[in-house]
Number of protein chains: 2
Amino acid sequence: NLAPCTDFDKAYFHSYAHVGIHEEMIKDRVRTDTYRSAILQHQKHIEGKVVMDVGCGTGILAIFCAQAGAKRVYAVDASDIALQANEVVKANNLSDRIIVLHGRVEDVEIDEEVDVIVSEWMGYMLLYESMLGSVITARDRWLKRGGLILPSHATLYMAPITHPDRYTESIDFWRNVYGIDMSAMLPLAKQCAFEEPSVETISGENVLTWPHVVKYVDCYTLQNYELESVTTRFQFKSMMRAPFHGFAFWFDVEFNGPANLNTNAQILLPGSPNPPSLDGAVKKKRTNPNDTLILSTAPEDPPTHWQQTLIYFYEPIEVEQDQVIEGSLVLSQSKENRRFMNIHLEYSSGGRSFVKESVMR
Amino acid sequence: NLAPCTDFDKAYFHSYAHVGIHEEMIKDRVRTDTYRSAILQHQKHIEGKVVMDVGCGTGILAIFCAQAGAKRVYAVDASDIALQANEVVKANNLSDRIIVLHGRVEDVEIDEEVDVIVSEWMGYMLLYESMLGSVITARDRWLKRGGLILPSHATLYMAPITHPDRYTESIDFWRNVYGIDMSAMLPLAKQCAFEEPSVETISGENVLTWPHVVKYVDCYTLQNYELESVTTRFQFKSMMRAPFHGFAFWFDVEFNGPANLNTNAQILLPGSPNPPSLDGAVKKKRTNPNDTLILSTAPEDPPTHWQQTLIYFYEPIEVEQDQVIEGSLVLSQSKENRRFMNIHLEYSSGGRSFVKESVMR
């Protein structure tokens with residue numbers, strides 16, 4: 001009962017055949033350095049072991065694993081970029097240790113179990129692209145009991161934001177264009193600018209309060225059906241008086257072992273590390289006593305190619321300090337194309353209620 | 001025998017229904033300021049006259065013309081943005097003087113001749129989008145003898161360039177990726193980066209010599225069939241020793257009258273102003289004794305949203321000072337979609353000859 005390969009999947013894989021997207025990802029040093037550090041930090045779980053890189057792209061993570069001493073690395077990618085990865089592997093005389101498989105993890109076959117799965121599967125808003133499902137599929141097909149998954153855990157956050165500059169630039173702009181009142185453009189301008197989610201970089205100053213955890217994912221235990229739809233209720237209290245322009249989404253991922261895996265921290269962890277509370281706002285910076293590596297795409301952290309994902313309202317809401325903002329969010333895979341994400345947002349504040357539907361395509 | 005409206009045309013018009021593209025164009029102050037100045041400079045030809053704005057977008061140029069005293073302005077656009085232009089016109093109480101026509105100039109009907117045609121029709125590399133043909137069609141259908149066209153003349157230039165930073169960033173990058181030799185990526189990296197024309201901003205320092213005029217267009221006399229294919233032969237002498245990475249293209253347009261039109265300069269011009277020589281390199285800065293307004297997108301001038309269009313080679317050619325670079329160029333409308341442009345480039349230098357085919361889509 002593995003998902004069949006649709007035309008949408010083919011288009012998705014094709015988009016990764018272009019070199020530019022890999023250049024951008026590799027040049028994101030926050031991303032690539034953190035993965036490399038995580039592989040080195042877990043070297044004792046990798047050395048002499050069998051690894052699978054799910055969605056290997058140009059093969060860079062597979063090569064990091066080989067450099068860390070992996071006995072064998074299966075580097076799997078359904079995009080034609082796998083052909084390039086194979087050339088890179090050959091040119092680096094790693095063909096005896098890295099086996100590039102050009103196909104989907106749902107379709108390829110290997111003859112052994114793996115000790116480690118490494119994958120850079122995160123999309124905008126964490127779940128866009130729906131690649132995590134392929135990691136889960138690989139885990140269920142091949143990962144040994146007690147095996148390692150890198151990253152191990154992921155958290156999607158949301159927070160209300162204010163962004164007057166952005167609103168002025170795209171919307172208020174039309175109120176006075178070379179002295180001409182073009183306010184008649186406003187409804188369409190709002191729709192064009194804010195109908196769909198917008199990927200852009202904001203700063204911590206845009207964020208009105210602590211974030212809320214939309215979804216905490218344990219890659220060791222997650223089941224694929226859980227990804228079809230994610231629902232959360234949120235309640236925020238604005239920490240300042242400001243025009244409330246929309247919600248920002250970002251994520252972080254942790255590189256840790258499963259609950260019973262002895263990591264470099266050399267203590268047995270009582271559970272997954274610092275699981276954020278699932279029903280409320282969390283502190284922005286979680287304490288990190290176990291030296292768990294975290295790749296963060298938060299507004300207050302160094303920017304990455306994921307930036308943040310913004311859902312703007314057509315009209316800002318003026319909120320007072322301590323004013324409550326509450327509502328609910330449903331993220332679901334589009335029925336038409338499961339790589340698209342439907343976003344159903346209900347929110348209310350100051351006695352008014354709103355609904356916003358959008359699709360990330 | 002007017003061109004029928006194809007599905008490609010519909011897609012083209014649809015691309016202008018999004019507000020963002022109009023925001024970008026209006027915010028290009030070099031563009032919008034120059035058009036406004038040109039309309040004011042020709043106010044005595046506009047005041048009390050009938051004007052047509054071909055491809056009016058949000059209607060801003062039509063409103064400038066109304067502000068300059070036009071008796072009537074026909075603002076024509078086949079994109080749905082025309083509905084917005086109509087709202088803007090109504091909100092500014094200009095409905096009695098600006099008539100928005102939602103359709104192609106090939107299809108709409110008006111009951112009178114016009115004194116002035118204004119249009120911002122220029123695409124990347126001047127001719128991309130093939131919108132100039134619609135201006136010529138409007139001219140032939142409605143412009144009075146001796147009427148004014150703004151802009152009146154356009155020139156497309158090309159010049160050999162060096163751009164080591166760009167080459168290093170996208171190509172040499174793969175030679176050492178986190179210490180890994182990924183040179184096996186180079187052929188695909190070159191193809192992905194340089195197969196198609198690239199719109200980007202370069203500076204005067206990237207240009208190896210004076211530009212060559214690919215095409216000089218007199219909007220008063222141009223015939224539509226001339227746009228189907230443009231051919232030129234070029235010869236350059238590199239002014240320095242450098243790696244020669246490709247050719248840059250840019251354009252300028254002039255706002256002048258026809259040969260026999262008395263402009264604000266209050267002298268009878270002997271011919272179109274400063275027609276560049278058609279078979280060789282020209283000086284970069286033409287003298288401009290008649291205060292003719294020029295909108296330039298040259299690398300040495302302030303940047304515009306058109307930037308420059310670059311055609312890179314897969315391999316740079318090392319040229320010495322005074323080394324000759326020669327060849328030929330054919331720009332032609334794609335048979336499949338006349339809004340696409342086929343670029344056939346032959347060039348030779350230092351005894352080696354090359355051919356590069358690309359398509360601007």
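The values are calculated or read from the model by the stated rules, or taken from the named source; none is laboratory data. Since we're looking at a predicted model, the values are computed, not measured. Neighbour counts run over all protein chains shown; Cβ positions are idealised from the backbone, glycine included.
For A:GLY179, the criteria (1) farther than 27 Å from A:SER15 by Cβ; (2) touching a Leu at 6+ places or on another chain (Cβ under 9 Å); (3) not charged (D, E, K, R) hold in every case but one, which is (2).
Here are some residues: A:ARG166, A:ARG145, A:ARG175. Which one is among the basic types (Lys, Arg) and over 30 Å from B:HIS22 (Cα atoms)? Within the list A:ARG166, A:ARG145, A:ARG175, the selection yields A:ARG145. Within region B:223-243, the set of residues being under 29 Å from B:GLU129 (Cβ atoms) and in contact (Cβ under 8 Å) with a residue 24 or more places away in the chain comprises B:GLN223, B:ASN224, B:LEU227, B:GLU228, B:SER229, B:VAL230, B:THR231, B:THR232, B:ARG233, B:PHE234, B:PHE236. Looking across region B:126-173, the residues that are within 30 Å of B:HIS42 (Cα to Cα) and either within 14 Å of another protein chain (Cβ to nearest Cβ) or part of a helix (DSSP H, G or I) (or both) come down to B:LEU132, B:GLY133, B:SER134, B:VAL135, B:ILE136, B:THR137, B:ALA138, B:ARG139, B:ASP140, B:ARG141, B:TRP142.
Within region B:24-39, the residues that satisfy the criterion of being under 19 Å from B:SER79 (Cβ atoms) and more than 9 Å from chain A (Cβ to nearest Cβ) are B:GLU24, B:MET25, B:ASP28, B:ARG31, B:TYR35.
Among the residues here, B:VAL73 qualifies as modelled with pLDDT of 95 or more, touching a Lys or Arg at 6+ places or on another chain (Cβ under 7 Å), buried (at least 21 other Cβ atoms within 10 Å of the Cβ) and within 14 Å of another protein chain (Cβ to nearest Cβ). Picking from residues in region B:40-63 that are within 11 Å of chain A (Cβ to nearest Cβ) and part of a helix (DSSP H, G or I), the one that is farthest from the chain's Cα centre (by Cα) is B:ILE63. Residue-level analysis places A:ILE294 outside the set of residues that are farther than 15 Å from A:THR155 by Cα and either outside any loop (DSSP other than H, G, I, E, B) or modelled with pLDDT of 95 or more (or both). Given the criteria crowded, with 17+ Cβ neighbours inside 10 Å, within 14 Å of another protein chain (Cβ to nearest Cβ) and closer than 29 Å to B:TRP121 by Cβ, does B:SER198 qualify? It is true that B:SER198 is crowded, with 17+ Cβ neighbours inside 10 Å, within 14 Å of another protein chain (Cβ to nearest Cβ) and closer than 29 Å to B:TRP121 by Cβ. The set of residues in region A:78-93 that are touching a helix residue (DSSP H, G or I) at 6+ places or on another chain (Cβ under 8 Å) and within 14 Å of another protein chain (Cβ to nearest Cβ) comprises A:SER79, A:ASP80, A:ILE81, A:GLN84, A:ALA85, A:GLU87, A:VAL88, A:VAL89, A:LYS90, A:ALA91, A:ASN92. For region B:318-361, a residue qualifies if it is surrounded by fewer than 14 Cβ atoms within 10 Å (Cβ to Cβ) and more than 22 Å from the chain's Cα centre (by Cα), and the qualifying residues are B:GLU318, B:GLU320, B:GLN321, B:ASP322, B:VAL324, B:GLY350, B:GLY351, B:ARG352, B:SER353, B:VAL355. Among residues of region A:302-328 that are on the phi > 0 side of the Ramachandran plot, those with a Cβ under 6 angstrom from a residue that is at pLDDT 95 or above, sequence gap 6+ or separate chain, pair up as A:GLN307/A:VAL199; A:GLN307/A:GLU200; A:GLN307/A:THR201; A:ASP322/A:LYS237; A:GLY327/A:GLU346; A:GLY327/A:TYR347; A:GLY327/A:SER348.
Considering region B:94-121, the residues that are surrounded by fewer than 21 Cβ atoms within 10 Å (Cβ to Cβ) and in a strand (DSSP E or B) include one that is nearest to the other protein chains (Cβ to nearest Cβ), namely B:HIS102. Reported count of residues in region A:3-23, each being part of a helix (DSSP H, G or I) and away from every other protein chain (no Cβ under 11 Å), is 9. Of the numbered criteria (1) surrounded by fewer than 17 Cβ atoms within 10 Å (Cβ to Cβ); (2) more than 14 Å from chain A (Cβ to nearest Cβ), the one B:ASN176 fails is (2).
Just one of the listed residues (A:ALA68, A:ALA17, A:ALA91) is surrounded by fewer than 24 Cβ atoms within 10 Å (Cβ to Cβ) and at pLDDT below 95, and it is A:ALA17. Considered as a group, the residues in region A:201-229 that are among the hydrophobic types (A, V, I, L, M, F, W, C) and under 26 Å from A:TRP142 (Cα atoms) include one that is surrounded by the most Cβ atoms within 10 Å (Cβ to Cβ), and that residue is A:CYS219. Please verify whether A:ALA66 is in contact (Cβ under 8 Å) with a residue 24 or more places away in the chain and within 11 Å of another protein chain (Cβ to nearest Cβ), treating the condition exactly as stated. Judged against the criteria, A:ALA66 is a match.
Which residue out of B:PRO258, B:PRO243 is farther than 24 Å from B:SER332 by Cβ and not in a strand (DSSP E or B)? Show your work before the answer.
Values: B:PRO243 fails: not in a strand (DSSP E or B).
From the options B:PRO258, B:PRO243, the qualifying one is B:PRO258.
For region A:204-221, name all the residues that are more than 14 Å from A:MET158 (Cα to Cα) and either more than 15 Å from the chain's Cα centre (by Cα) or part of a strand (DSSP E or B) (or both).
Of everything in region A:204-221, those that are more than 14 Å from A:MET158 (Cα to Cα) and either more than 15 Å from the chain's Cα centre (by Cα) or part of a strand (DSSP E or B) (or both) turn out to be A:GLU205, A:VAL217, A:ASP218, A:TYR220, A:THR221.
Pick from region A:179-195 the residues that are in a loop (DSSP other than H, G, I, E, B) and of a type in the set (D, E, K, R): which of them is nearest to the other protein chains (Cβ to nearest Cβ)? Step by step, filter region A:179-195, then rank; the result is A:ASP181.
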